Each structure stands twice: as C-alpha cells, then as structure tokens.
1. Can you give the angle from 0 to 90° between the axis of helix 135-146 and the longest principal axis of the chain, with both taken from C-alpha atoms, to the nearest 10?
2. I need the peptides 300-306, 375-381, 27-33 ranked by packing, meaning the mean over residues of other C-beta atoms within 10 angstrom, with the highest value on top.
3. Taking a ≥ b ≥ c as the square roots of the eigenvalues of the Cα gyration tensor of the stretch 1-60, is the shape rounded (a/c under 1.5), prolate (a/b larger than b/c) or oblate?
4. Taking the highest mean first, how do the peptides 169-175, 251-257, 181-187, 11-17 order by number of other beta carbon atoms within 10 angstrom per residue?
5. Please compute the modelled spin-label separation between Asp271 and Lys364, points set 7 Å along Cα→Cβ, answer in nm with one decimal.
6. Provide the FRET efficiency to the nearest 0.05 for the Val208-Lys246 pair, computing r from the beta carbons and using R0 = 35 Å.
7. How do the peptides 138-147, 101-110, 387-396, 273-282 rank, highest first, by the average count of neighbouring beta carbon atoms within 10 Å per residue?
8. Please check: in the Gaussian network model of the chain (C-alpha springs, under 10 Å), which one of Leu81, Leu189, Leu243 has the largest mean-square fluctuation.
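The values are calculated or read from the model by the stated rules, or taken from the named source; none is laboratory data. This structure is a prediction, so every number in the text was calculated from the model and none was measured. Cβ placement follows ideal geometry from the backbone for every residue including glycine, while neighbour counts extend to all protein chains displayed. SASA here: full protein model, heavy atoms, side chains in, ligands and nucleic acids out. Shrake-Rupley method; radii C 1.70, N 1.55, O 1.52, S 1.80 Å.
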Amino acid sequence: MSVLSGKKVLLGVSGGIAAYKTASLVRLFIKAGAQVQVIMTPASKDFVTPLTLSTLSKNPVHSSFYNEEDENAVWNNHVELALWADVFIIAPATANTLSKMVSGNSDNLLIATYLSAKCPVYFAPAMDLDMYRHPSTVAAFSTLQSYGNTMIPAESGELASGLSGEGRMAEPENIITFLEKDIESKLPLRGKKILITAGPTYEAIDPVRFIGNHSSGKMGYDIALAAAHEGAEVVLVSGPTHLQIKHDSIKTIRVTSAQEMYDACHNYFEDVDVMIAAAAVADYRPKTVAEQKIKKSETDFSIPLEKTKDILFSLGEKKTKQFLIGFALETENEIEHAKLKIQKKNLDLIVLNSLNDEGAGFGKPTNKVTFIDKHFTIEPLELKTKEEVAKDIITKIKNHYNV
Ligand code: CTP
C-alpha cells in the first residue's frame, strides 16, 4: 500500500505547458488512495481545463478567491484549504510562481494558500533550460528550500521550445515515487522495530479439541497497522484468527499455543525497541495432550491443567532498552490490579480494559481503556474505536521517543 493512501493532497497548478501532465498526476494520486483537491492559477487554465482536474480529483477545482460570475459567491477560504492538506505540491511550478512563492506576492489563490500552509510543501519546477539555469531561478530554488520546501528536480529532455536539456517537469510517475520515498524517509517511527502479540492462543487437549478464548485479535492487528503507517518495522506474532494484514513493513508470524508465542517473542525481543502484548494468552494448558481423540466413556471428566509461561513477565525480566506495553483486563479493583501488573511485569505502560464499561472488550469494534504509565499517571480515555485506541498507543510511543 502506498504511503500516500488516505493522505490529503493539495495540488497547486501554475501556468506552463507541463500543466497538461497534471491530469495523469491527479489520476495517480487517486490510484494511490489519496484525497485530492486542486488549486489552479488563472494562467494554468489555458493549458488544462478545470473540468478535467475536477473530474479526475472528484472535487471542485479552486482558482480564485471567489466566483465572480456568481453573485451569491462565497469567499474561497485559502487558510482552510491549506490546513486541510497533509501534503501540498506545486506542479508545475513556473518561474513566475516560484518567484511569487519566494517574495510572498499573493495575488492569486495558489500563493495565498501556499503562505498559509503548515504541511510539507513540494514544488516541481518546469521551464525552459536557460530559465532553469538562470541565477534568479537557482536563487529561488535555494530560498524555497531554506523555507523548508522540498524541490522535485526537473528532468532532462525535449522542451516545448524545441530545445533539449534540463527543465522538463518530472514525469507524474516519478513525482509520485519521489513523494512516497520522501514521506517514508521522514515518518516518525522510521528505524524503530516493534514486536506485537495479538489474538488468542489455543491449548490442545487432544488432536481435535483445545482450550481457547474469544479474542478476535483486532486490537493487536490495528496497533500493527498504525505502527507501520508511522514507519515502524513490525513483527506481529498472532494467535489463531481469521484476520489478515498486508503491509510491506509487517512480518506476521502465526502461532497456535502460548509456548509457540513465547518462543516467537523471545526470538525477536532482543532486537526490538518496543514490545506490545495485546494477545489474550491462555493462562493454563492441559498438563498432557492426549495422542488420540478422547472418547466419552466417563460420566465425569476433568483435565489437569498447568500454568503457561507468562510471556510478558519473561520479557520484562529480559528488558534492556525496550519500551514495554502490556494490556490488562480487569473486572474489580481495576486500577490497583493494573498498577501491580506494571510492577510485576516491569512495564512502561499498561492499557487497562475494564469489562465494566459498555462497549469494551472481546469481539467489539470499540474499546474503553485507561492508560497507566510506570509512574502511575492515570489517563482514562473515552469510548473509542479500536483503530483510535491503536493510534493513541502509537502516540504514547512517539512521545516516549520525542518524535
Ligand atoms: N500475558 C502474556 N502471557 C501470558 C499471560 C498474559 O504475555 N501467559 C500478557 C497479556 O498479553 C497482557 C498482560 O500479560 O498484555 C496481562 O494479562 P492478564 O491476563 O490481564 O493478567 P495476568 O498477569 O495473567 O493476571 P490475572 O489473569 O491474574 O489478572
């Protein structure tokens, strides 16, 4: 999945022949899963029509501060547009637009929006080769970069003037690749390795029966995805669940029993920065597993159980640099029990689920959790979807690393 998926992309189109290529660019953004809004300078409309770009972006195109033909026209709020965007890309960026960006000459909606933008800004210059090399243009490139904007360099090739050389706007495919790589390289959890357990464990009684629980695995899977979206490299150790996850940065290890989950976690733990134990691990397992299916010959039947290893506890003992997050599901004396668990398992943070809260727990899409950190700071959250709770947990990790 592209890192652009779900991103709000604002595309500023200025008036150069390369503007015709923005039709492909918008299409590629949409294909990557981005939401797109387009701002056009008045001159750019000579090269590509607003109808083309509004059709492809599935949004009205913005080009002036208000619609002069509509007497009920409302003010086109450039501040709102700028704040809406996760990414602002100006392509093509002509010499004229670049110089206005440098000087702040906001005589059109594109520049006014540029001046209001707080998100990362990219610009893809397009002009003739002599213009591209002119000291004034070169100075504009470096000034804009000193403002924190990122340049997507022009490519070499045949130019509209008939000359050949540097100045041609980067091809739409290359702009997309450039953005994806740049955004990925700046993700806050880039370089961090996170180990996550998810789902239930099944403890075999005989070849066909097991002891298990109702955990769906959703919480752990949502955390894995949220971590990967922020650039982390994730190892997801999952008990039996129908859930699947596809992401280049998530390696899923499927296990069945608590012992297999224990072994998998210990294989990876030393190397990771963060460990999150979201699995509902069975606390007990049958002492022996019958080799053959057990027949119903007895009236009464009992299975001797023994404790499974506490995975999180064992990792807490081994912990060096790792930020360790555990979950607790309590029904009484919740806060006190959770605090004891923090100490016993050497945790940095515990996510307390209370079954007393409506909407919380197994098989539900929502969760009502309270964060308690190792200093016993208590932070109750309102009822949220599991995706939102996952994002909150990732925020805690980002805060820990100050990113
Ligand atoms: N956990 C684990 N391995 C186990 C049992 C639990 O890694 N064998 C982890 C869970 O993934 C969770 C945390 O420990 O993050 C808390 O588990 P919980 O079952 O609430 O607490 P227990 O320590 O088992 O204590 P009790 O059942 O007595 O409340």
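1. That helix lies at roughly 20 degrees to the long axis.
2. On the way: 300-306: 9.4, 375-381: 11.3, 27-33: 17.0.
Output ranking for 300-306, 375-381, 27-33: 27-33, 375-381, 300-306.
3. On the way: a/c = 2.23, a/b = 2.02, b/c = 1.10.
In terms of gyration-tensor shape, prolate.
4. Details: 169-175: 18.7, 251-257: 16.9, 181-187: 13.6, 11-17: 26.4.
Descending mean neighbour count gives 11-17, 169-175, 251-257, 181-187.
5. Using points 7 Å along Cα→Cβ, the separation is 3.8 nm.
6. On the way: r = 31 Å, r/R0 = 0.89.
Efficiency at R0 = 35 Å is approximately 0.65.
7. On the way: 138-147: 14.4, 101-110: 17.8, 387-396: 19.6, 273-282: 24.8.
Highest to lowest by the protection proxy: 273-282, 387-396, 101-110, 138-147.
8. Among Leu81, Leu189, Leu243, the largest GNM mean-square fluctuation belongs to Leu243.
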